[in-house]
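The values are calculated or read from the model by the stated rules, or taken from the named source; none is laboratory data. These figures come from a predicted structure and were not determined experimentally. Backbone-built Cβ (ideal geometry, glycine too); neighbour counts: all protein chains shown. Heads up: the accessible areas ignore ligands, DNA and RNA and are worked out on the full protein's heavy atoms, side chains in. Shrake-Rupley method; radii C 1.70, N 1.55, O 1.52, S 1.80 Å.
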Amino acid sequence: GGSWPWTMRGVHSLPVNAERTIGSRQLLDYMLKGCEEVWNKNNPTWPGLIATRQGARFVRGDAVYVSYLDHPVRPEHVSQQWQQHLKPRQSVWKRASLVMGMFVRQLAEEVQKRWPDKRVVYLPYWDYVLCPDIDFPDNLEIELCITHTDGMPGMTEPWKRSINDNNIRAWHEKAGGKITLWNYVHTVRTHGPAQFPFLIQQFHRSHRERLAGSFINGVGSIKEGSTLAPS
């Protein structure tokens, strides 16, 4: 069973195309249209709707889920108005994280105006996983993916551990509350344990005040559990 307190009813991944680029009014309007169709009209046919496993039983409230999922944020995906924010000397991670963060802030502000009881759940992932130095409204929930550092197996390497530690602290501060981790194997291809159990214990204890919980993605193989969970 799921312990995530917000039911995802709304648009899922960003439907970016030539007209709807990140930062464009067209993309924002499309996301808000999805919220209106699902929340106001209860339209079950909206293409971005995520069906809850419990049918019509909702836990605590509704949220719109925002992520670009398995897509890197390329310059051609960003609107002309926001091209100025893509600094050439910045890393790809910082550029992507900034423009995605700006869009999430924009969406969260609009949702807060129109639906003050709803939430915006953001999944920082791929090359937009870092926490940008911008402020967000208080209706933001963060579901942070740590696959970019090989998930929990990467905790054996100090520089990967520090990236995750710093990012968790930053997102916790920006979200103004506990965040949830999305943990899964990306480049570590093994069915055997790739870490020491005490590292997982230490990691969760060190972030106890910042984490609402952590879950393992699970891609149909036992390797996820054996590699990411205490063993």
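Can TYR68 be described as at pLDDT below 90, among the aromatic types (Phe, Trp, Tyr) and in contact with a Pro (Cβ under 8 Å, 6 or more places away or on another chain)? It would help to see each step written out before you state the result.
On the way: at pLDDT below 90: yes; among the aromatic types (Phe, Trp, Tyr): yes; in contact with a Pro (Cβ under 8 Å, 6 or more places away or on another chain): no.
For TYR68, the condition - at pLDDT below 90, among the aromatic types (Phe, Trp, Tyr) and in contact with a Pro (Cβ under 8 Å, 6 or more places away or on another chain) - is not met.
Every residue, every condition in (1) touching a helix residue (DSSP H, G or I) at 6+ places or on another chain (Cβ under 6 Å); (2) surrounded by 17 or more Cβ atoms within 10 Å (Cβ to Cβ), yes or no:
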residue	(1), (2)
ALA96	yes, yes
VAL120	yes, yes
THR147	no, yes
ASP150	no, yes
ASN167	no, yes
TRP171	no, yes
LYS178	no, no
PHE196	no, no
Which number in (1) farther than 18 Å from ILE200 by Cα; (2) open to solvent by less than 60 Å² (accessible area, probe 1.4 Å) marks the one condition that VAL92 misses? (2)
Of ILE168, ILE142, which residue is of a type in the set (Val, Ile, Thr), touching a Leu at 6+ places or on another chain (Cβ under 7 Å) and under 20 Å from GLY213 (Cβ atoms)? ILE168
Hits in segment 84-99 (condition: modelled with pLDDT under 95, of a type outside the set (Gly, Ala, Ser) and either closer than 15 Å to ARG20 by Cα or more than 19 Å from the chain's Cα centre (by Cα) (or both)): GLN84, HIS85, LEU86, LYS87, PRO88, ARG89, GLN90
LEU107 - would you say it is under 22 Å from ASP29 (Cα atoms) and crowded, with 20+ Cβ neighbours inside 10 Å? yes
Yes or no: LEU181 modelled with pLDDT of 90 or more and over 25 Å from TRP39 (Cβ atoms)? no
